[in-house]
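Shown next, in structure tokens, is the structure this report addresses.
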Amino acid sequence: MLIRRKHRKVPSLNTTSTADISFMLLIFFLVTTSMDQDKGMTRQLPPMDDEQQEEVVDVDKRNVMALKITAENELLVDDSMIAVGQLSDRVVDFVSHCPDRKKHVITLDVSRVAKYNTYFAVQNEIVTAYGKLRDAHAYVLYHHDYAACSPDEREVVRREYPQRIAENYRPAETQEGGGV
């Protein structure tokens, strides 16, 4: 005798709207999240090849401000120690009183063992100083600050106060404080 078993139906779940819900959640998260842009300083890095091209330029010593960050994270300006917070005012004073301010140069020599935060603090102070100089000059010329200038006006102000920074790249052995 054959016993017939009853075929049971497996309960099913209606999944037709699952794709719609997942796409709506995806769109919701894309719309509500913000993508912050990283801000940084514009600097030209040295070339990657082993043959570094060095350009020799004669500069009057009165037009040079020498900055040095030592291995102990101390800042020297023309061989005298100052606090990093005072650098902005010193740069403004140097550039504004430079005999030929369009040909001034700020040299930066950094020890390889100095902290990265010290280097960035010095760079921020230099950028702040140039911002002050450019704001003041833009206000004299156009009666508003540098940020409100048109691109052509900004170019005129940048030509008057060019940002001229020379960084020294040396192997770690040639600097005091040893290697990396």
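Listed values, structure above:
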read-out	value
Residues (aromatic (F, W, Y) and either open to solvent by 60 Å² or more (accessible area, probe 1.4 Å) or touching a Phe, Trp or Tyr at 6+ places or on another chain (Cβ under 7 Å) (or both)) located in the range 145-168	Y161
Residues of the range 91-115 that turn out to be assigned to a helix (DSSP H, G or I) and at pLDDT 85 or above, as a count	6
Cross-chain or 6+ apart pairs with Cβ under 7 Å, the range 73-90 first and assigned to a loop (DSSP other than H, G, I, E, B), then open to solvent by 50 Å² or more (accessible area, probe 1.4 Å)	N73/K115; E74/M81
Residue check, S80 modelled with pLDDT of 85 or more, of a type in the set (S, T, Y) and within 29 Å of L133 (Cβ to Cβ)	yes
Residue within the range 140-157 that is under 16 Å from K68 (Cα atoms) and at pLDDT 85 or above present	no
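The values are calculated or read from the model by the stated rules, or taken from the named source; none is laboratory data. For clarity, every value in this text was computed on a predicted model and none was experimentally measured. Quick reminder, even Gly has a Cβ in these numbers, built from the backbone with ideal geometry, and neighbours come from all protein chains shown. When the accessible area is computed, the model is the full protein with side chains, heavy atoms only, and any ligands, DNA or RNA have been set aside. Shrake-Rupley method; radii C 1.70, N 1.55, O 1.52, S 1.80 Å.
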